[in-house]
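Enquirer: Below you will find the structure I want to go over with you.
The values are calculated or read from the model by the stated rules, or taken from the named source; none is laboratory data. Everything numeric in this text was worked out from a predicted model, so none of it was measured. We place every Cβ from the backbone using ideal geometry, glycine too, and count neighbours over all the protein chains shown.
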2 protein chains.
Amino acid sequence: MDPLTEAKKKLMPEMTDLLKKRYQILQTIQMEEPIGRRTLSELAGMTERDIRKETDLLRSQQLIEAKTAGMAISPQGLEVLEALKEFMREMSGLSNMEKQLKVILGISQVLILPQDSDDIPAVKTKIGKEAARLLEMKFPLHKKIAVTGGSTMAAISKEISSEKRDRSLQFIAARGGLGEDVLHQANTIASLFAEKTGGAVKTLYLPDHLSAEAYEMMMREPVIKEMMELYDETDVVVHGIGNAEEIALHRKSSPEEVEMIRSGGAVSEAFGYYFDNEGNVVYRIRTAGIQMEQVQKARAILAVAGGRSKAKAILSYFNIAPRQTVLITDEGAARKIIELTTKQEEF
Amino acid sequence: MDPLTEAKKKLMPEMTDLLKKRYQILQTIQMEEPIGRRTLSELAGMTERDIRKETDLLRSQQLIEAKTAGMAISPQGLEVLEALKEFMREMSGLSNMEKQLKVILGISQVLILPQDSDDIPAVKTKIGKEAARLLEMKFPLHKKIAVTGGSTMAAISKEISSEKRDRSLQFIAARGGLGEDVLHQANTIASLFAEKTGGAVKTLYLPDHLSAEAYEMMMREPVIKEMMELYDETDVVVHGIGNAEEIALHRKSSPEEVEMIRSGGAVSEAFGYYFDNEGNVVYRIRTAGIQMEQVQKARAILAVAGGRSKAKAILSYFNIAPRQTVLITDEGAARKIIELTTKQEEF
DNA sequence: ATTGAGCGGGACGAAAATTGTCCAGCTTGA
DNA sequence: TCAAGCTGGACAATTTTCGTCCCGCTCAAT
């Protein structure tokens, strides 16, 4: 750390906590505006009185405005938030946690965003924004991009800038299957990416859970073969990481599938593969989709998943994640991952 | 100001004052150690309780140590002080005051050190140290240095480093006269400089206040003539600025001299010249010494004077100070000068 | 050897700030 | 039209801060 900052910390030990507290409040207000004291105190885990004291201060500094519907951030507040972004990343240990996660997960880049998307839904938007920015950086060099489905992926598609259009981009749905709500299907997401960027899209609608024979037969179809060849040429893969448990509960999976997941000890899901705690593939949805080996060959891989509830799934998947994978996650997931792994070490 | 610092200030408005307060306390402890709460509270202008609260904090941070003789700064405390030096200069407005003084005094460089040497004698040492550093920077290029007397000049001589010796340096007493205590005479000071640096010294012992005839006669003496020629070749002049009033009181001046000073409205003194509020020469000690015109020709001039009591004298002298003069002073003098000049503007 | 000024730390009642907790009156979205 | 959620005001209870005094100690000057 900066020797100047270090010296200030020595002279003003209260500073650190106070700054963190106020920054977090301001941040939460930004994400949840308009928001009231009571809701805010729950989200921030502080007493209402404390929140009130601090918001009074923030208001007197004109960083927030109090309307009848609740408190909202002011333009100046946004500036302050932006100016302190990097500093707070150091201060609150996010940078440090990124380093730890790199080691734990065996990859070379990790990006952690503040707060927990399990508590504050808007954190997902922030994750989406950062993932979108990282992805956009790949566009000039890498044109063939495979994307999966899920709410996290949907968040990214919303944040992709439609400023710089590039007709040479090609987005490929990483799974032919339907599986989820239309809005969160890989096909839909790929189309959204294409629309935003002005690029092309390659989709494929094919039922999940085919019988073995039907699957074999379909694989021989030209249109499917073409898709599989496209996967071979994929430059970038962008995918979410699913929580096997959640998926088994929420989605209308076949009872057979659920049983396979349960008995196999599946913890995480990505591109239609299910992994157990050690990263072994315990099940795979039978549909056209990118193969693990094809993912391995990709130049860049963005894995996006946030919220402490995803910690176990992330740990599971990263047992076999390619080294070139970049993880974009949030503080909640990161803390939980570190907690889980260091606890194991203690015993 | 740094946008990061600006943002922190917005989020933590208390920070500024608190930092200033603690820094000042730590600074004062450093200069006056060992020092007790009561003495400290007087120097810092705070209540004893306040001082106690803050010193308790500083001690818990191990920046100071409490011995039976009083509190003293710790090595870590020194580090903190050093690390924050430049930052605090900005924060407490010293940098800003330097800019103001440049305009007010019509010179291109001003250096202001914290606190007031009228309150804390050790500030004089700091001034001496900085002046010494500035002077040392001139040594490689400028070899002939004229120095005056006075306690401020003595402080500089104490702080001149004896590390890098330079036999080509030549120190010249700017005044032949005695005038003051032996220890503070120009001759003595010049000798001290020479001793520290390994350079040569040119001194001249000649009574002050000669009669007009005696003075004329002396001026024709070869040894004096030689001295006057040396003044012509002077590269650097280092001088203090005296308070005419104080000089008239303290020194055993001739009643005639005191009367001249009083009736002429003398405010400041430098190199044996007395100046009034407008910078007119109202009196001059009759002794061999550097001439105003010779000072004007010098490449570099360091004027050194601190303490709010010197403010009027500084203002008076800088009416006629050459543009190449650099002023080294302290916060006390600087504030007073600004106060005096802005008050005049208001009416 | 003695003394006294100056020191840190303990103590404590008075005063001030903080805290938890209400409520009134408002807007807004259903 | 109503209910939910919001701000800002209020206030007693509690905690913290503040001013002040004292004690025992050290150390330098006498």
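Enquirer: Residue check: is B:Val103 assigned to a helix (DSSP H, G or I) and away from chain A (no Cβ under 14 Å)?
Expert: yes
Enquirer: Specify the residue that is nearest to DNA strand C (Cβ to nearest atom); the eligible residues are those in the stretch B:1-30 that are in contact with a strand residue (DSSP E or B) (Cβ under 8 Å, 6 or more places away or on another chain) and not hydrophobic (A, V, I, L, M, F, W, C).
Expert: Here the answer is B:Thr28.
Enquirer: Right, here's the next one. With the checklist (1) buried (at least 21 other Cβ atoms within 10 Å of the Cβ); (2) β-branched (Val, Ile, Thr); (3) out of contact with any strand residue (DSSP E or B) (no Cβ under 6 Å at 6 or more places or on another chain) in hand, flag the one item B:Val258 doesn't pass.
Expert: Here B:Val258 meets the rest and fails (1).
Enquirer: Exactly one of these conditions fails for B:Asp50: (1) more than 16 Å from DNA strand D (Cβ to nearest atom); (2) touching a Lys or Arg at 6+ places or on another chain (Cβ under 9 Å). Give me its number.
Expert: So B:Asp50 meets the others, but not (1).
Enquirer: Could you please find all residues in the stretch A:58-91 being within 11 Å of chain B (Cβ to nearest Cβ), within 12 Å of DNA strand D (Cβ to nearest atom) and surrounded by 13 or more Cβ atoms within 10 Å (Cβ to Cβ)?
Expert: A:Leu58
Enquirer: Which residues, taken from the stretch A:31-45, are near DNA strand C (Cβ under 10 Å from one of its atoms) and in a helix (DSSP H, G or I)?
Expert: Passing the criteria: A:Arg37, A:Arg38, A:Ser41.
Enquirer: Does A:Met15 qualify as being in a helix (DSSP H, G or I) and within 10 Å of chain B (Cβ to nearest Cβ)?
Expert: Against the criterion (in a helix (DSSP H, G or I) and within 10 Å of chain B (Cβ to nearest Cβ)), A:Met15 qualifies.
Enquirer: Scan the stretch B:236-275 for residues that are closer than 28 Å to B:Arg299 by Cβ and either at pLDDT below 80 or among the acidic types (Asp, Glu) (or both) and report the count.
Expert: 1
Enquirer: Identify, by number, the condition in (1) within 13 Å of DNA strand D (Cβ to nearest atom); (2) closer than 17 Å to A:Ala122 by Cβ; (3) within 14 Å of chain B (Cβ to nearest Cβ) that A:Gln24 doesn't meet.
Expert: A:Gln24 satisfies every listed condition except (1).
Enquirer: If the Cβ limit is 6 Å and pairs must be 6+ apart or interchain, which residue in the stretch B:65-81 that is charged (D, E, K, R) pairs with which residue that is within 16 Å of DNA strand C (Cβ to nearest atom) and modelled with pLDDT under 95?
Expert: B:Glu65/B:Ala72; B:Glu65/B:Ser74
Enquirer: Given the structure, is A:Ile290 more than 25 Å from A:Leu206 (Cα to Cα) and either crowded, with 16+ Cβ neighbours inside 10 Å or hydrophobic (A, V, I, L, M, F, W, C) (or both)?
Expert: So A:Ile290 fails the test.
Enquirer: Applying the selection to the stretch B:34-47, what residues are buried (at least 17 other Cβ atoms within 10 Å of the Cβ) and more than 10 Å from DNA strand D (Cβ to nearest atom)?
Expert: Matches in the stretch B:34-47: B:Ile35, B:Leu40, B:Leu43, B:Ala44.
Enquirer: Still on this structure, please answer the following. Anything in the stretch A:171-187 that is under 19 Å from A:Val237 (Cα atoms) and surrounded by fewer than 20 Cβ atoms within 10 Å (Cβ to Cβ)? List them, or say none.
Expert: A:Leu178, A:His184, listed by residue number.
Enquirer: For the stretch B:46-98: of the residues being away from DNA strand C (no atom under 16 Å from the Cβ) and part of a loop (DSSP other than H, G, I, E, B), which is farthest from A:Lys8 (Cα to Cα)?
Expert: Here the answer is B:Gly93.
Enquirer: Another question, if that's okay. Among the residues of the stretch A:2-12, are any small (Gly, Ala, Ser) and within 14 Å of chain B (Cβ to nearest Cβ)?
Expert: Looking through the stretch A:2-12, at least one residue is small (Gly, Ala, Ser) and within 14 Å of chain B (Cβ to nearest Cβ).
Enquirer: Taking the stretch A:279-301 on its own, how many of its residues are touching a helix residue (DSSP H, G or I) at 6+ places or on another chain (Cβ under 6 Å) and touching a residue at least 60 places away in the same chain (Cβ under 8 Å)?
Expert: Summing the residues that are touching a helix residue (DSSP H, G or I) at 6+ places or on another chain (Cβ under 6 Å) and touching a residue at least 60 places away in the same chain (Cβ under 8 Å) in the stretch A:279-301 gives 5.
Enquirer: Let me ask something else about it. In the stretch A:191-208, is there at least one residue being among the hydroxyl-bearing types (Ser, Thr, Tyr) and closer than 23 Å to A:Lys310 by Cα?
Expert: No, the stretch A:191-208 contains no residue that is among the hydroxyl-bearing types (Ser, Thr, Tyr) and closer than 23 Å to A:Lys310 by Cα.
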